[in-house]
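The values are calculated or read from the model by the stated rules, or taken from the named source; none is laboratory data. Keep in mind that what you see is a predicted model, and the values were worked out from it rather than measured. Here the Cβ positions follow ideal geometry from the backbone for every residue, glycine too, while neighbour counts run over all protein chains shown.
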Amino acid sequence: MMRNDHDKARELIALGDGLAASEQAWLRAHLEACEACREYGDRLHGMLRALRSTPVTADARLVRATQMRVRFHANRLRETQQRMWLVGLSCLGVGLSATLTAPLVWRLFAWLGAEAGVSNLVWQTGFACFWVLPVLVVSVLLMARGTHLASDGGRSQR
């Protein structure tokens, strides 16, 4: 659908001061020739001046309630950041611990496998299960807890 010059002029008038030089020149030329668009622009600018000159005040209760909510959310954000710092340190500790103990646990499983007379595949599978199973269990528990907290319907925020 082709738009006519009047629609284009109204769109440019509504955009205000953010026009390119070529669009401003075209709009000035159109407004000089078109009384209806010039009148539309004058009415729009008058309405905007009236809206800008009307003072807007907020009720004191609204201001207090808004301040209280902002403080509440700022405290929650601060607490979350502190917890994430602790989680990061914990992950670092677990990673270092796992890195340092993995060779020792590997040797322990190799020795147990040799003493029990089982094949390498069996004790290596046992090692992998021993090493991975706790992580999987904790992950499932944390996911279930997170899902439970996320599905409380927003009751914790009120």
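Can you give me the number of residues within segment 118-135 that are aliphatic (A, V, I, L, M) and either in a loop (DSSP other than H, G, I, E, B) or under 12 Å from A102 (Cα atoms) (or both)? Before the answer, list the steps.
Start the filter on segment 118-135 by keeping residues that are aliphatic (A, V, I, L, M), which leaves 118, 121-122, 128, 132-133, 135.
Next, only the ones that are either in a loop (DSSP other than H, G, I, E, B) or under 12 Å from A102 (Cα atoms) (or both) stay: 118, 128, 132.
Here the count works out to 3.
For (1) touching an Asp or Glu at 6+ places or on another chain (Cβ under 6 Å); (2) modelled with pLDDT of 90 or more; (3) over 30 Å from Q124 (Cα atoms), each residue gets a yes or a no:
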residue: G46; (1), (2), (3): no, yes, yes
residue: L51; (1), (2), (3): no, no, yes
residue: V56; (1), (2), (3): no, no, yes
residue: L62; (1), (2), (3): no, yes, yes
residue: A65; (1), (2), (3): no, yes, yes
residue: N75; (1), (2), (3): no, yes, yes
residue: C91; (1), (2), (3): no, no, no
residue: A102; (1), (2), (3): no, no, no
> Mind checking which pairs have a first residue in segment 6-32 that is in the same structural domain as L44 (by TED's automatic domain parsing) and a second that is among the β-branched types (V, I, T) and at pLDDT below 90, Cβ under 8 Å, 6 or more apart or different chains?
Replying inline: L27/I13
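Listed here are the residues, each with its yes/no results for (1) surrounded by 10 or more Cβ atoms within 10 Å (Cβ to Cβ); (2) closer than 30 Å to D7 by Cα.
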{"position": "Y40", "(1), (2)": "yes, yes"}
{"position": "P55", "(1), (2)": "no, no"}
{"position": "D59", "(1), (2)": "no, no"}
{"position": "R64", "(1), (2)": "yes, no"}
{"position": "R69", "(1), (2)": "yes, no"}
{"position": "L77", "(1), (2)": "yes, no"}
{"position": "M84", "(1), (2)": "yes, no"}
{"position": "G88", "(1), (2)": "yes, no"}
{"position": "C91", "(1), (2)": "yes, no"}
